[in-house]
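The values are calculated or read from the model by the stated rules, or taken from the named source; none is laboratory data. Given the structure is predicted, the values throughout are model-derived calculations rather than measurements. Neighbour counts run over all protein chains shown; Cβ positions are idealised from the backbone, glycine included.
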Amino acid sequence: MISWGSSGRLEYWVVGTDRDTAIALSDAFCKPRVERVDMTARECLADRTNEDHGFLMYHRIVADALANAKPASSAGHNGGYQWGIHRYSSSLPLGFAGQLEIHPEGDQITLLHEYWHSIQMSFIHRTDHQIRKKQMGPVRFSEGSAVAMAEITAENLWATGRLSRAASQGDPWPNFKQRMINKMNFIQEKIQDCDSVLPDTYEGVDGRLAYKSGGWAVAYLLYRHGRGVLRERFHPRVAELGWEGAFQKTFGQTSTQFIEEFKGFLGLPLEKQIEILPKF
Ligand SMILES: [Zn+2]
């Protein structure tokens with residue numbers, strides 16, 4: 001990858017709008033799995049209808065979105081480490097497909113976001129699921145860093161002409177600063193209702209806050225420690241020191257101390273907050 005190096009072998013399966021084709025795609029996914037004895041044919045067939053990441057789930061999300069003209073999408077890194085790959089699945093990116101006036105720039109950011117997860121995981125070598133989860137860190141960090149790295153990297157690639165922008169439909173695509181302000185407005189509106197300013201959950205409003213507030217928190221860490229700090233210093237330490245140990249060694253404070261400091265940052269006026277953002 002142009003900015004971050006390679007995270008290793010990767011499969012990215014994009015499920016379209018036609019159900020029969022989604023099933024054929026699922027068969028194409030299963031063929032090498034069964035040949036390499038990654039899965040049995042029966043396991044792979046069952047995986048197709050898995051409600052967490054099955055091909056038919058991704059098909060249904062976009063089929064419903066188009067039928068109701070209500071934008072929806074989903075993409076995820078769905079494991080694969082036990083097979084020596086990063087396994088991705090995605091619903092049809094509506095922006096790339098020119099549907100429902102969705103900005104294709106948002107799909108480009110999603111790709112970078114997802115790829116960042118493979119970078120995070122490329123530093124984790126254990127196969128035990130619980131240990132892997134711990135080494136990825138809390139949701140505010142694993143997702144927050146994917147949000148921040150994708151937003152900043154996309155803006156940098158567009159600004160330097162290394163990634164072209166497809167013409168958007170409808171309203172103009174907001175620039176980086178505006179996108180971050182939108183996230184901050186969401187944070188300020190929702191933090192009263194949430195248990196933490198930096199939640200560790202995927203569920204409900206707290207889950208949405210974890211992405212947005214986590215994105216700002218990581219942008220703040222990058223401002224203080226350099227834009228390359230995660231890939232160059234933090235992640236290489238995770239396997240040996242664990243997530244919290246790597247955090248303390250890299251950022252010179254515990255993650256709890258950081259949350260306290262970040263609470264103070266959230267209380268600053270917006271014009272002070274945006275001073276930490278990289279300029280493009
Ligand atoms: Zn993510």
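Numbers for the structure displayed
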{"read-out": "Scope segment 183-201; condition under 17 Å from residue 138 (Cβ atoms) and in contact (Cβ under 8 Å) with a residue 12 or more places away in the chain; matching residues", "value": "187, 191, 194, 196, 197, 198, 199, 200, 201"}
{"read-out": "So residue 103, is it modelled with pLDDT under 95 and either of a type in the set (Asp, Glu) or buried (at least 18 other Cβ atoms within 10 Å of the Cβ) (or both)", "value": "yes"}
{"read-out": "Single match in 251, 247, 258 (criterion: surrounded by 16 or more Cβ atoms within 10 Å (Cβ to Cβ), under 21 Å from the mean Cα position of the chain (by Cα) and farther than 20 Å from residue 186 by Cβ)", "value": "247"}
{"read-out": "Selection count where residues are within 16 Å of the ligand (Cβ to nearest atom), of a type in the set (Gly, Ala, Ser) and either within 22 Å of residue 197 (Cβ to Cβ) or surrounded by fewer than 17 Cβ atoms within 10 Å (Cβ to Cβ) (or both), scope segment 143-177", "value": "5"}
{"read-out": "Qualifying position, being among the small types (Gly, Ala, Ser) and touching a Ser or Thr at 6+ places or on another chain (Cβ under 8 Å), among 146, 97, 154, 72", "value": "72"}
{"read-out": "Segment 102-142 - residue that is of a type in the set (S, T, N, Q) and within 10 Å of the chain's Cα centre (by Cα) and, of those, farthest from the ligand (Cβ to nearest atom)", "value": "118"}
{"read-out": "Hits in segment 118-138 (condition: out of contact with any Leu (no Cβ under 9 Å at 6 or more places or on another chain) and in contact (Cβ under 8 Å) with a residue 60 or more places away in the chain)", "value": "121, 122, 123, 124, 125, 126, 134, 135, 136, 137"}
{"read-out": "Condition check for residue 65: without any contact (Cβ under 8 Å) to a residue 60 or more places away in the chain, crowded, with 20+ Cβ neighbours inside 10 Å and not in a loop (DSSP other than H, G, I, E, B)", "value": "yes"}
{"read-out": "Failed criterion for residue 280 (all others in (1) surrounded by 14 or more Cβ atoms within 10 Å (Cβ to Cβ); (2) at pLDDT below 95 hold)", "value": "(1)"}
